[in-house]
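**Q** Submitted below is the structure of interest, expressed as structure tokens.
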Amino acid sequence: MSESTGTLPGTAALTQVGRLATLSWEVLRAIFKRPFQAREWIQQSWFFASVTILPTALVAIPFGAVIALQLGSLTAQIGAQSFTGAASALAIVQQASPLITALLVAGAGGSAVCADIGARKIREEIDAMEVLGVNPIQRLIVPRVLAAMVVSVLLNGLVSVVGVLGGYFFNVVLQGGTPGAYLASFNALAQVPDLWVSEIKALLYGFVAGVVAAFRGLNPPPGPKGVGDAVNQAVVITFLLLFLINVVLTAIYLRIVPPKAM
């Protein structure tokens with residue numbers, strides 16, 4: 001037992017988890033309530049897109065290149081060069097694309113959202129809204145979370161295209177692969193559920209990034225460094241949750257979706 005608070009060790013962490021889950025549920029409920037803040041949502045969507053499109057595309061190119069080069073070297077060693085296209089494209093679409101999108105959305109857009117909400121909390125604007133009868137979750141949090149979700153889905157498609165094209169270029173041009181074999185293997189093994197699970201991951205990652213950023217912004221540590229510490233905590237917590245969720249979703253997908261027959 002803690003002498004100062006009388007609580008068990010770890011209770012504070014469980015309390016934070018419960019509060020985060022409660023905020024997630026309140027955001028989901030507020031999405032369907034009226035009035036919907038359409039203008040705020042459009043502005044936040046544009047902000048998320050403006051700060052993430054270029055970095056996402058620039059990260060997707062070398063990421064796709066590394067995957068293609070590594071898999072190309074590996075398949076050459078075992079005599080399976082014809083499967084390089086399928087392996088690299090599926091790795092990019094299923095795993096790399098949603099993760100790259102989510103990390104940049106959380107790192108660039110989520111940190112800005114956390115700083116904005118935290119500054120409002122420090123200035124007591126959130127408390128003033130509650131006193132006036134305005135729901136801050138519906139007014140401020142929902143548009144930002146929806147913006148993060150929508151932009152994540154759109155950026156996921158961008159990363160998939162750029163990553164696959166980058167992998168194709170590096171495999172065919174630098175490693176001397178056959179263009180026909182690269183495309184044929186991709187068509188032979190890839191299937192529509194691969195794209196669907198990628199978009200579902202991106203949608204869920206965007207929701208998690210938005211909710212965690214809002215949660216830390218609404219609960220900044222005390223003191224003048226509170227908002228800065230909250231931003232750092234939001235980014236770290238989001239990254240940890242994203243990798244955990246990715247493992248769970250991938251395991252479920254591999255269980256319920258059978259591989260495509262050759």
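**Q** Need the C-alpha centroid separation for region 213-250 versus region 35-51, integer Å.
**A** For region 213-250 versus region 35-51, the Cα centre distance is 21 Å.
**Q** Determine the equivalent ellipsoid of region 126-179 by diagonalising the alpha-carbon gyration tensor, then write out the semi-axes as square roots of 5 times the eigenvalues, largest first, rounded to whole Å.
**A** Result for region 126-179: semi-axes of 48, 7, 4 Å.
**Q** Can you put ARG39, ARG19, ARG255 in order of accessible area, largest first, using a 1.4 Å probe?
**A** ARG255, ARG39, ARG19
**Q** What translational diffusion coefficient, to the nearest whole µm²/s, does region 125-262 have by Stokes-Einstein, given a Kirkwood radius computed over alpha-carbon pairs, a temperature of 4 °C and 1.567 mPa s viscosity?
**A** 71 µm²/s
**Q** With n ≥ 4 as the cut-off for DSSP H runs, can you work out [θ] at 222 nm for the chain, using -39500 (n - 2.57) per run divided by the number of residues, rounded to the nearest 500?
**A** About -25000 deg cm²/dmol.
**Q** Ignoring ligands, DNA and RNA, what percent of the accessible area of the chain is carbon or sulfur (1.4 Å)?
**A** C and S fraction of accessible area: 72 percent.
**Q** Pull out the extension gain between VAL134 and ARG255, defined as 0.36 nm times the separation in residues minus the alpha carbon to alpha carbon distance; nm, one decimal.
**A** So the extension gain works out to 39.1 nm.
**Q** Subtracting the Cα-Cα distance from 0.36 nm times the residue separation, let me have the gained length for VAL173 to TRP196 in nm, one decimal.
**A** My answer for the length gained is 5.3 nm.
**Q** Roll a 1.4 Å probe over the protein chains and send me the accessible area per residue for the chain in Å².
**A** With the other protein chains kept in place, the chain gives 52 Å² per residue.
**Q** Any chance you could give the angle, 0 to 90 degrees and rounded to 10, that helix 192-218 forms with the longest Cα principal axis of the chain?
**A** 30 degrees
**Q** Considering only the other residues whose Cβ falls under 12 Å of the Cβ of ILE117, what net charge follows from Lys and Arg at +1 and Asp and Glu at -1?
**A** Cβ neighbours under 12 Å give a net charge of +4.
**Q** Now for a different question. Stokes-Einstein diffusion coefficient for the chain at 37 °C in a medium of 0.692 mPa s, Rh from the Kirkwood formula over Cα pairs: what value in µm²/s?
**A** 164 µm²/s
**Q** Using alpha carbons only, how many degrees (0 to 90, rounded to 10) separate the axis of helix 179-189 from the longest principal axis of the chain?
**A** In the chain, helix 179-189 runs at an angle near 60 degrees to the longest axis.
**Q** Add +1 for every Lys or Arg and -1 for every Asp or Glu among the other residues with Cβ under 13 Å from the Cβ of PHE215, and state the total.
**A** +3
**Q** Rounding to the nearest 10 and keeping the result within 0 to 90°, find how far the Cα-based axis of helix 11-31 lies from the longest principal axis of the chain.
**A** 80 degrees
**Q** Among the lysines in the chain, how many pairs, 8 or more places apart or on different chains, have alpha carbons under 29 Å apart?
**A** Close lysine pairs found across the chain: 4.
The values are calculated or read from the model by the stated rules, or taken from the named source; none is laboratory data. Computed from a predicted model, the values in this text were never measured in an experiment. Note that we place each Cβ from the backbone using ideal geometry, even for glycine, and neighbour counts take in every protein chain shown. Accessible surface areas use protein heavy atoms only, side chains included; no ligands, DNA or RNA. Shrake-Rupley method; radii C 1.70, N 1.55, O 1.52, S 1.80 Å.
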